[in-house]
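Below is one structure, written out as structure tokens; the observations come after it.
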Amino acid sequence: MDEREWTRRNFISTSLAGGAAMMIDLPGISPSGEGRETAGESHRQIDVVLTVNGVEHRLPGLDAHTTLLDALRDHLQLTGSKKGCALGACGACTVVVDGRRVNSCLTLAVMNQGKEIATVEGLAKDGQLHPLQAAFIAHDGFQCGYCTPGQIISGIACIAEGHAHSGDEIREWMSGNICRCGAYTNIVAAIRDTAGGRVDVG
Ligand code: FES
Ligand code: FES
């Protein structure tokens, strides 16, 4: 493949997969580098098992380069997590892995085996919205809605982490989630309300 045909996305995916192969023992890819791919070779396929919202999903023959975000969206049809930048800059792809916020565009699916992955699809229970989902509606915390799943997942984690005591604190700890529509004031109000505080967060 002509070098110029490589997109930035291709480059990052390959770089991430190379890094992962050095850090962990990927099935079929030795830590020594034997069997590791170089640009232009066909992608290696591996069997991956992901636990998402308490449900185990088997993904046989998954391209080893597949990000967690692409596995969720393209292979499990869990399209709530959005792809904004694919560079770790916008937070639209935020999920919670073992209790911690993660940009799912920056981690490979294979690296998340054996972990509990929580996405926006798992929030509503028995037809009842999660309190923060309801608060986003009550406070008009969105316009186009593209950033909203990431904002809500991140907001729930922000509250659970104990970082929702004031508007300033919420703004600081939600700074990784970008809203191009500029719905920030109402997003902060929804989080503060759900956290049990005064909604005046100006
Ligand atoms: Fe992952 Fe933007 S899509 S941070
Ligand atoms: Fe449109 Fe946030 S509501 S990007």
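Scanning the range 75-129 for residues that are among the polar types (S, T, N, Q) and in a loop (DSSP other than H, G, I, E, B), we see that the one that is nearest to ligand 2 (Cβ to nearest atom) is 81. Within the range 104-125, residues that are farther than 14 Å from residue 55 by Cβ and at pLDDT 95 or above sit with their Cβ atoms under 7 Å from residues that are part of a loop (DSSP other than H, G, I, E, B) and among the hydrophobic types (A, V, I, L, M, F, W, C), at 6+ positions apart or across chains, in these pairs: 104/93; 105/86; 105/93; 110/26; 110/64; 111/24. Any residue in the range 141-163 that is in contact (Cβ under 8 Å) with a residue 40 or more places away in the chain and among the aromatic types (Phe, Trp, Tyr)? For the range 141-163, residues in contact (Cβ under 8 Å) with a residue 40 or more places away in the chain and among the aromatic types (Phe, Trp, Tyr): present. What number of residues within the range 146-173 are away from ligand 2 (no atom under 12 Å from the Cβ), more than 14 Å from residue 99 (Cα to Cα) and outside any helix (DSSP H, G or I)? Of the residues in that region, 4 qualify. Within the range 50-65, can one find any residue that is at pLDDT below 95 and over 22 Å from residue 119 (Cα atoms)? Taking every residue of the range 50-65 in turn, none turns out to be at pLDDT below 95 and over 22 Å from residue 119 (Cα atoms). Residue pairs whose Cβ atoms lie under 6 Å apart, sitting 6 or more positions apart in sequence or on different chains, and linking a residue in the range 80-93 that is closer than 12 Å to residue 68 by Cα to a partner that is assigned to a loop (DSSP other than H, G, I, E, B) and more than 6 Å from ligand 1 (Cβ to nearest atom), are 81/119; 82/146; 93/81.
Given the condition within 16 Å of ligand 1 (Cβ to nearest atom), hydroxyl-bearing (Ser, Thr, Tyr), at pLDDT 95 or above and surrounded by fewer than 20 Cβ atoms within 10 Å (Cβ to Cβ), answer yes or no: does some residue in the range 136-150 qualify? Steps first, answer last, please.
Taking the range 136-150 and keeping what is within 16 Å of ligand 1 (Cβ to nearest atom), we get 144-150.
Keeping just the survivors that are hydroxyl-bearing (Ser, Thr, Tyr) gives 146, 148.
When the remaining residues are screened for being at pLDDT 95 or above, the result is 146, 148.
From what's left, surrounded by fewer than 20 Cβ atoms within 10 Å (Cβ to Cβ): 146.
There is at least one residue in the range 136-150 that is within 16 Å of ligand 1 (Cβ to nearest atom), hydroxyl-bearing (Ser, Thr, Tyr), at pLDDT 95 or above and surrounded by fewer than 20 Cβ atoms within 10 Å (Cβ to Cβ).
The values are calculated or read from the model by the stated rules, or taken from the named source; none is laboratory data. Just so we're clear, the structure is a prediction, and the values are computed from it rather than from any experiment. Here the Cβ is made from the backbone with ideal geometry for all residues, glycine too, and neighbour counts use every protein chain on show.
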